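Notes to accompany the following structure.
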Amino acid sequence: MRIILLLAAIARCSAISAAGKLRAVLRAPGAVVCPGVHDALSTRVFAEAGAQVLFLSGFGVSACRGEPDAGIITRVEMEETARQCVRAAGDVPLIVDGDTGFGGASNLRRTVRGFAAAGASAVSIEDQAFPKRCTFAAGTGVRVVDRDAAVARVRAALRARDEAKDAGHDVLVIARTDCRAALGLDEAIARCAAFEALGADIVYAENLQGRD
């Protein structure tokens, strides 16, 4: 029994360490390159090449299965891939793409908790309408939920983050908006500000159109 408890404690420390390492990367000055990975092999390649943080891409995982990035792969497929990539990453923190959460609020919470238990350092949640599409392929045709619904989605993710922490799995929530191409920069900024005010650990706007 003591051995089992010890192993459980080690696993929890590993998950906490992943989020803690990501926090350390974010606090450091300057920009950090975050390579996208799609399986254990690509993860190992970038980890051994010296990457400080990695991103498990829903687009990449979908492509590996011969599918478009259109909400076709399941939470279970993504979670299993995340578990494999976490093992391959070693000490490098892995961010996992949570897409729109794979369903409603209850599904989204389960997604965040499951990815956290798999060892993800952070989970990104976006504001696209389901079925989602690759933002760059969709362009101005990308469909997003309204701002209130986007905020509600992030709120559910943050609740799941706290539930995961209570279970011993430290994880960060990345609140992402994909509205730039369809609704404009001002709306993207407004959504990011709303996500930050809600308590998201990281916010970002996808598909910005230039340095300005």
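How many residues, within the range 118-137, are in a loop (DSSP other than H, G, I, E, B), of a type outside the set (S, T, N, Q) and more than 18 Å from residue 185 (Cα to Cα)?
So the answer is 9.
Hey, can you tell me all the residues within the range 122-133 that are open to solvent by 10 Å² or more (accessible area, probe 1.4 Å) and hydrophobic (A, V, I, L, M, F, W, C)?
Of everything in the range 122-133, those that are open to solvent by 10 Å² or more (accessible area, probe 1.4 Å) and hydrophobic (A, V, I, L, M, F, W, C) turn out to be 129, 130.
A quick yes/no check of all residues on (1) out of contact with any helix residue (DSSP H, G or I) (no Cβ under 7 Å at 6 or more places or on another chain); (2) open to solvent by 10 Å² or more (accessible area, probe 1.4 Å); (3) modelled with pLDDT of 95 or more:
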residue: 51; (1), (2), (3): yes, yes, yes
residue: 64; (1), (2), (3): yes, yes, no
residue: 68; (1), (2), (3): no, yes, no
residue: 90; (1), (2), (3): no, yes, yes
residue: 98; (1), (2), (3): no, no, yes
residue: 108; (1), (2), (3): no, no, yes
residue: 112; (1), (2), (3): no, no, yes
residue: 115; (1), (2), (3): no, no, yes
residue: 120; (1), (2), (3): no, no, yes
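For the range 137-153, the count of residues that are of a type in the set (Gly, Ala, Ser), at pLDDT 95 or above and under 18 Å from residue 79 (Cα atoms) is zero. In the range 180-194 there is at least one residue matching the filter, namely being of a type in the set (D, E, K, R), in contact with a helix residue (DSSP H, G or I) (Cβ under 8 Å, 6 or more places away or on another chain), under 24 Å from residue 53 (Cβ atoms) and at pLDDT 95 or above.
Just to be sure, is residue 96 among the β-branched types (Val, Ile, Thr), within 17 Å of residue 34 (Cα to Cα) and not in a strand (DSSP E or B)? When the stated conditions are applied, residue 96 does not pass them.
Number of residues in the range 63-89 that are within 22 Å of residue 116 (Cβ to Cβ), part of a helix (DSSP H, G or I) and not β-branched (Val, Ile, Thr) equals 12.
Taking the stated definitions as given, is residue 191 surrounded by 15 or more Cβ atoms within 10 Å (Cβ to Cβ) and in a helix (DSSP H, G or I)?
yes
Taking the range 32-45 as the range and being assigned to a helix (DSSP H, G or I), open to solvent by 50 Å² or more (accessible area, probe 1.4 Å) and in contact (Cβ under 8 Å) with a residue 12 or more places away in the chain as the test, the residues that pass are 41, 44. Checked against (1) open to solvent by 10 Å² or more (accessible area, probe 1.4 Å); (2) part of a loop (DSSP other than H, G, I, E, B), residue 162 meets all criteria but (2).
Here is a yes/no grid of residues against (1) part of a strand (DSSP E or B); (2) in contact (Cβ under 8 Å) with a residue 24 or more places away in the chain; (3) surrounded by fewer than 18 Cβ atoms within 10 Å (Cβ to Cβ); (4) on the phi < 0 side of the Ramachandran plot:
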position	(1), (2), (3), (4)
139	no, yes, yes, no
153	no, yes, no, yes
168	no, yes, yes, no
173	yes, yes, no, yes
197	no, no, yes, yes
204	yes, yes, yes, yes
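The values are calculated or read from the model by the stated rules, or taken from the named source; none is laboratory data. This is a predicted model, so every value here is computed, not measured. FYI the Cβ positions are ideal-geometry reconstructions off the backbone, even for glycines, and counts take in every protein chain you see. Surface accessibility is based on the protein's heavy atoms, side chains included, excluding ligands, DNA and RNA. Shrake-Rupley method; radii C 1.70, N 1.55, O 1.52, S 1.80 Å.
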